[in-house]
1. Collect the residues in the stretch 34-93 that are small (Gly, Ala, Ser), over 23 Å from the mean Cα position of the chain (by Cα) and modelled with pLDDT of 85 or more, keeping them in residue-number order.
2. Any residue at all in the stretch 197-211 that is at pLDDT 85 or above and either outside any strand (DSSP E or B) or small (Gly, Ala, Ser) (or both)?
3. Taking the conditions exactly as written (at pLDDT 80 or above and basic (Lys, Arg)), does Arg127 satisfy them or not?
4. Scanning the stretch 1-10 for residues that are at pLDDT 85 or above and either more than 28 Å from Val396 (Cβ to Cβ) or assigned to a loop (DSSP other than H, G, I, E, B) (or both), which turns out most open to solvent (accessible area, probe 1.4 Å)?
5. Among the candidates Ala435, Ala427, Ala444, single out the residue that is under 29 Å from Asp306 (Cα atoms), of a type in the set (Gly, Ala, Ser), modelled with pLDDT of 95 or more and in a loop (DSSP other than H, G, I, E, B).
6. Looking only at the stretch 447-461, which residues are among the polar types (S, T, N, Q) and either modelled with pLDDT under 95 or surrounded by fewer than 23 Cβ atoms within 10 Å (Cβ to Cβ) (or both)?
7. Do we find that Leu292 is at pLDDT below 95 and open to solvent by less than 10 Å² (accessible area, probe 1.4 Å) in this structure?
8. Can you tell me which of Pro378, Pro354 is in contact with a Leu (Cβ under 9 Å, 6 or more places away or on another chain), open to solvent by 10 Å² or more (accessible area, probe 1.4 Å) and at pLDDT 95 or above?
Amino acid sequence: MMPQPSILYQNAEKTIFLIDIPTSIASAQELSPVQLGAGATLCNPYPAELDTHRKRLLLSSEPLEKPYAVSTEPKSDAARARVLARIPVSERAFQTEIVEPLVRGALREIRGAHSESADWCRARKAREEETQVKRKRDGPWSGTVSCEDGCGCSADDAPGVSASTSPPVILSPGLNMFGSMPELCNAVVRNTSSAQALLGVRCKREVEAEDCDVTTATARRHVFFVPPLSIFLLCSLPLSAEDEDKASQGPIPGLSQDRKFNLILLDPPWSNRSVRRSGHYQTQSYSDMGLLSKRIGDILKIHLLDNPESVSIAAIWITNAPKARRAAYDAIKGAGLSVYEEWVWIKTTTKGEPITPLDGLWRKPYEILVIGRRMDRPSDATDAITRRVIAGVPDVHSRKPNLKEVFEQVFFTRSGSGPTTGDTCMAYSALEVFARNLTAGWWACGNEALKFNSEDWWVEA
């Protein structure tokens with residue numbers, strides 16, 4: 001049986017996609033035909049021998065059936081006018097003249113190709129809240145690498161040997177046991193096999209007895225699933241002014257500056273009101289926006305391939321705040337790239353409705369991925385930007401779709417010149433920065449890179 005593709009619909013031009021988010025992450029746990037160097041007939045379908053990842057199902061949240069009831073929007077025309085007056089004219093024009101018509105047209109097209117009775121996502125197995133292990137919500141930028149139990153390590157307290165000069169930790173197929181999380185911090189960890197590896201960590205936590213005040217330490221083995229040929233680096237990235245000494249050694253601690261990639265995907269900690277209220281992870285304040293943009297630019301300048309004959313792609317998730325957009329644009333242009341594409345992830349219900357009003361002022365139902373590319377002739381022309389729409393029913397809080405399948409279709413396959421040639425696959429290397437799950441064949445860095453590869457998020461299918 002072949003693995004389920006995560007793309008439920010796409011048009012011929014590859015500008016509109018409907019993607020199932022849990023499936024996109026599950027499918028990304030296996031090497032794709034593009035990565036395996038498959039021939040023309042294997043660029044899109046998956047061969048049956050790659051079906052091992054179907055043994056496990058990624059836990060999710062219940063899909064949203066109706067749009068959220070919005071209570072934060074201005075209640076009167078005068079209040080709405082006051083809010084609009086605070087939004088830069090260029091940003092309002094971008095949203096109303098570019099994004100909103102683009103999204104409406106894409107949703108109409110998907111509805112026309114989709115049965116009215118069909119859901120816009122696959123069936124999910126929800127992770128019940130009462131079964132979740134309570135844990136401190138340390139964010140990916142807080143310096144803590146945590147298991148689901150709340151045990152963890154500070155990347156700064158990890159062994160002092162630089163990962164860029166020390167030998168990597170090599171995992172083998174089967175179970176690889178480590179005594180604690182600090183053994184993995186600031187170290188390049190590789191699964192060199194084309195099979196999945198299991199990473200076991202002995203975790204200690206304090207448990208208070210119910211009938212007395214005695215606190216005892218219990219130990220358990222926590223397991224993470226490491227995809228084939230994936231490489232990760234658990235580290236805290238130097239994002240603040242206090243990290244200047246660390247940043248002088250490189251924008252990604254432990255990653256050799258000689259390591260280059262065709263694709264670098266980043267999900268930076270932009271300041272966001274809803275995230276600040278929820279406390280799910282720490283964000284950068286707007287006063288640090290320039291520094292965050294510089295750090296992103298440094299990553300791109302050092303680790304993105306600088307070869308005119310190679311594909312060089314930088315992809316940055318942004319919020320809908322104008323300052324985040326400008327910071328991403330500045331980072332891309334500062335690295336010698338041109339803003340090349342923008343992908344709009346529109347969050348929908350199971351019936352294809354935006355989860356909040358498309359023209360809402362306080363909460364937009366979409367997020368944007370800004371994509372830069374190294375061009376022969378850099379351009380600032382916004383009308384030259386290609387825009388694509390990716391529709392998807394939201395998953396657990398802050399979990400984004402894994403776009404590996406879309407990236408490969410858009411950037412790493414080529415159509416042959418003859419009628420019988422078909423598509424050919426291009427070898428590529430990729431790095432995800434501020435990652436929250438691993439992807440087969442990719443590098444991942446950040447101190448939540450193992451989060452959704454924890455056994456707590458998977459069940460036997």
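The values are calculated or read from the model by the stated rules, or taken from the named source; none is laboratory data. Computed from a predicted structure; not experimentally measured. Please note: Cβ atoms are built from the backbone with ideal geometry, for glycine as well, and neighbour counts cover all protein chains shown. Surface accessibility is based on the protein's heavy atoms, side chains included, excluding ligands, DNA and RNA. Shrake-Rupley method; radii C 1.70, N 1.55, O 1.52, S 1.80 Å.
1. Listed by number, the residues that qualify are Ala69, Ser76, Ala78, Ala79, Ala81, Ala85, Ser90, Ala93.
2. Yes, that holds for at least one residue.
3. Values: at pLDDT 80 or above: yes; basic (Lys, Arg): yes.
Spelling it out, Arg127 is indeed at pLDDT 80 or above and basic (Lys, Arg).
4. Out of the qualifying residues, it is Pro5.
5. The unique qualifying residue is Ala435.
6. As a first pass, look at the stretch 447-461 and keep what is among the polar types (S, T, N, Q): 447, 453-454.
Within the stretch 447-461, Asn447, Ser454 qualify.
7. So Leu292 passes the test.
8. Values: Pro378 fails: at pLDDT 95 or above.
On inspection, the qualifying residue turns out to be Pro354.
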